[in-house]
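Enquirer: Can you read through this structure? Questions will come right after.
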Amino acid sequence: ATASSSNPPDLYPGVQGMVSCLACHSEFAGYGGPGGVSLEGLPARYVPGEIYTMTMTVKQPGAKSFGFQLYAVDQEGKQAGSLSGDPVDLDARRRKGVTFLKQSYHGSHGQDSRSYSFQWRAPEDPSARVGFVAEAIGADGHGSSMGDHVYRLEAVVTSDGSAGMAAAPGGANTD
């Protein structure tokens, strides 16, 4: 497919009663494939109010289009800090009180991999346990959802470092 060149539908990261990317990209059973998704720059512990630059990379051999949605919530499912990025490559949408970052039309193209850099301002609350959730797609660029692989990433960070990083199943990691 084309990594939904018009952007993925809102609220598709697969948690909190929302629908997974697998709802449309379902040729393969579950998450995973020959590639993966990684998140660089996430601190082992955050400093309240600090701004961190992170890079999410989606890799898949032969892929020509890429897509994703990512958000950060606290232990109550509320927005944790703020997310922002380059409006040429990224689109930010706020739904149900949570900001989602996703690729823009211009941010969906690549060959074998695509990286997205963005900023996260940590929450002011030092007791927040922040969960990052992302789903990403490596697409073959043939215009249908067949042949696409979906990857999932989950990571948790706290201000005291007690949460550590949690790798998600299906070809995901948190570099």
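Bear in mind that the values in this text are calculations on the coordinates, not laboratory data. Everything numeric here is computed off the predicted structure, so don't read it as measured data. Quick reminder, even Gly has a Cβ in these numbers, built from the backbone with ideal geometry, and neighbours come from all protein chains shown.
Enquirer: Between E40 and Y105, what is the label-point separation in nm under the 7 Å Cα-to-beta-carbon projection?
Expert: With each label placed 7 Å out from Cα toward Cβ, I get 3.0 nm.
Enquirer: Any lysines with Cα under 26 Å of the K64 Cα? List them, leaving off those in the same chain fewer than 8 positions away.
Expert: Straight-distance partners of K64: K102.
Enquirer: Calculate, in nm to one decimal, what R94 and D74 gain on full extension: separation in residues at 0.36 nm each, minus their alpha carbon distance.
Expert: Length difference between fully extended and current span is 5.6 nm.
Enquirer: Please give the contour-minus-distance gain from E50 to Q119: 0.36 nm per residue of separation, less the Cα-Cα distance, rounded to one decimal in nm. Intermediate values should be presented prior to the final figure.
Expert: Numbers: separation 69, 0.36 × 69 = 24.84 nm, distance 1.01 nm.
Taking E50 through Q119 to full extension adds about 23.8 nm, to one decimal.
Enquirer: Would you list, by chain and number, the aspartates and glutamates whose Cα falls below 15 Å from the Cα of K78, excluding same-chain residues fewer than 8 positions away?
Expert: In chain and number order, the partners are E124, D125.
Enquirer: Also: Based on the mean of other beta carbon atoms within 10 Å per residue, what is the order of 34-46, 56-68, most packed first?
Expert: 56-68, 34-46
Enquirer: Next up: Straight-line reach only, C-alpha to C-alpha below 16 angstrom: list the aspartates and glutamates that K59 could link to, leaving out same-chain residues fewer than 8 apart.
Expert: E40, D112, E135, D140, D148, D175
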